[in-house]
Amino acid sequence: MSRPMSDEDRRRQISVRGLAGAENVAELKRNFNRHLHFTLVKDRNVATARDYYFALAHTVRDHLVGRWLRTQQYYYEKDPKRIYYLSLEFYMGRTLTNTMVNLALQSGCDEMLYQLGLDMEELQEIEEDAGLGNGGLGRLAACFLDSMATLGLAAYGYGIRYEFGIFNQRIAGGWQVEEADDWLRYGNPWEKARPEYTIPVRFYGRVEHGPGGARWLDTQVVLAVPYDTPVPGYRNNTVNTLRLWSARAPNDFNLKDFNVGGYVQAVLDRNLAENISRVLYPNDNFFEGKELRLKQEYFVVAATLHDIIRRFKSAKFGSRDPVRTSFETFPDKVAIQLNDTHPSLAIPELMRILVDEERLGWDEAWNITVRTCAYTNHTVLPEALERWPVHLLESLLPRHLQLIYEINQRFLDRVYASFPGDHDRLRRMSLVEEGAVKRINMAHLCIVGSHAVNGVAAIHSQILKDSV
Ligand code: D6G
């Protein structure tokens, strides 16, 4: 039932859409024209609707920048516990309208476009979806980022900058046809590439055990280049970061045995390394078990943990001691939330860094790892559960497989001490599944390596407790 708008309704509507004072509108219009001219290098004789969308996006983005810088600086000054949400999917969708709403710019932009004779809805429709997810799991990640920014929490999303997101569906003659989702074709005005923070990620190789501990040698390196997207809270001046990694071949990739004629092939083969961030696997609740997917999972985990530890140690702006050298306070300053088992290699990777690189003893490293990591389970459907063949892990991540075996051995020793003689329990609870193909049960790894496990609804958490 509709009723006439009261003054209160009108005030509320204004406060939800933001103020459209004449000065604000004039300022927005100046910036819009400046971007059309200097950023897009167009004038109104030749500009297309897409140019206007980009000019508007850049105008809105400018309002994020100061808040983003200040938020990140504030986190370094206050040094709060930081939350790291690791996910292979972030289903962000469109950014323009959400940003205008959260920054109270909508009315001003509406009015500005109206004065310029442009149509807001037409421009909004031009923005591509950031479809870096299949459905619920990826959208949950995106919603958490939004909520955490609105709550003013020092939170970060970490994932992969897939060049191709979830496919576009076309129906041809009554059949579904999948079309490549080339969402970056016209450029993405919301991301900021940060090649200066590039991180090397290692694969394959072999492990050598010596007096100084384990060394992972003869590895192949792929570079992880971060792209940052701002995540604004709702009208609270907080802007958090979603950092997505893009794979890049190092300049010497495949050039080791360079000879005339080999050079061109070596450059062409750079694609092999860069395929890691090429495409989102369009599997919802289904485990496909492809090596490229395992590479994606380790790629995001390795780059992210490197970044987390760099930030934990760093002392920007002289906020505290020069640099942290002790990991004792790590779980008080870092929370790692695993969105399903997809980033579960974070557990052995953190152990590898603490034991092999930082030279902590096993028990101390394990205590830190468990207190840092937490796991969200999404399903109990057997066809969805990640069970990676041991032979794949052995060739791609030989040191991680050793660490998983060690984690398992110590875990089963504890189980057996509590349930002496119960061999069937050992078989059921082991991280390692025997069979025609020996596999690692990644959910078991997550449960053993975390201090908290949750489902995605109260009833789901209850099912996990009662029957799994
Ligand atoms: C974002 C925002 C920017 C900040 C940068 C690096 O791009 O202000 O400087 O992240 O932040 P850290 O990774 O050093 O925390």
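Of note:
- A Cβ distance below 6 Å, combined with a sequence gap of six or more or placement on separate chains, defines the contacts here; from the stretch 64-81, residues that are among the hydroxyl-bearing types (Ser, Thr, Tyr) reach residues that are more than 10 Å from the ligand (Cβ to nearest atom) and assigned to a helix (DSSP H, G or I) in the pairs TYR76/PHE317.
- Residues of the stretch 222-254 satisfying the condition of being without any contact (Cβ under 8 Å) to a residue 40 or more places away in the chain and either surrounded by fewer than 14 Cβ atoms within 10 Å (Cβ to Cβ) or within 16 Å of the ligand (Cβ to nearest atom) (or both): VAL225, ASP228, ASN251, ASP252
- Residue check, LEU19 over 30 Å from VAL334 (Cβ atoms), of a type in the set (A, V, I, L, M, F, W, C) and at pLDDT 95 or above: no
- All positions within the stretch 370-388 that are of a type in the set (Val, Ile, Thr) and either touching a Lys or Arg at 6+ places or on another chain (Cβ under 8 Å) or over 14 Å from ILE83 (Cβ atoms) (or both): VAL370, THR379, VAL380
- Any chance SER87 is farther than 30 Å from ALA302 by Cα and either more than 14 Å from the ligand (Cβ to nearest atom) or more than 20 Å from the chain's Cα centre (by Cα) (or both): no
- Options VAL370, VAL415, VAL432; residue that is of a type in the set (A, V, I, L, M) and closer than 20 Å to PHE287 by Cα: VAL432
- The set of residues in the stretch 177-200 being more than 16 Å from the ligand (Cβ to nearest atom), farther than 25 Å from ASP284 by Cβ and of a type in the set (Phe, Trp, Tyr) consists of TYR186 alone.
- Total residues in the stretch 264-310, condition hydrophobic (A, V, I, L, M, F, W, C), surrounded by fewer than 17 Cβ atoms within 10 Å (Cβ to Cβ) and in contact (Cβ under 8 Å) with a residue 24 or more places away in the chain: 1
- Criterion (free of Cβ contacts under 8 Å to residues at least 12 places away in the same chain, away from the ligand (no atom under 13 Å from the Cβ), closer than 30 Å to LEU403 by Cβ and of a type outside the set (A, V, I, L, M)) met by exactly one of GLY159, GLY174, GLY210, GLY205: GLY210
The values are calculated or read from the model by the stated rules, or taken from the named source; none is laboratory data. Everything numeric in this text was worked out from a predicted model, so none of it was measured. Glycine gets a Cβ as well: all are built from the backbone with ideal geometry, and neighbour counts include every protein chain shown.
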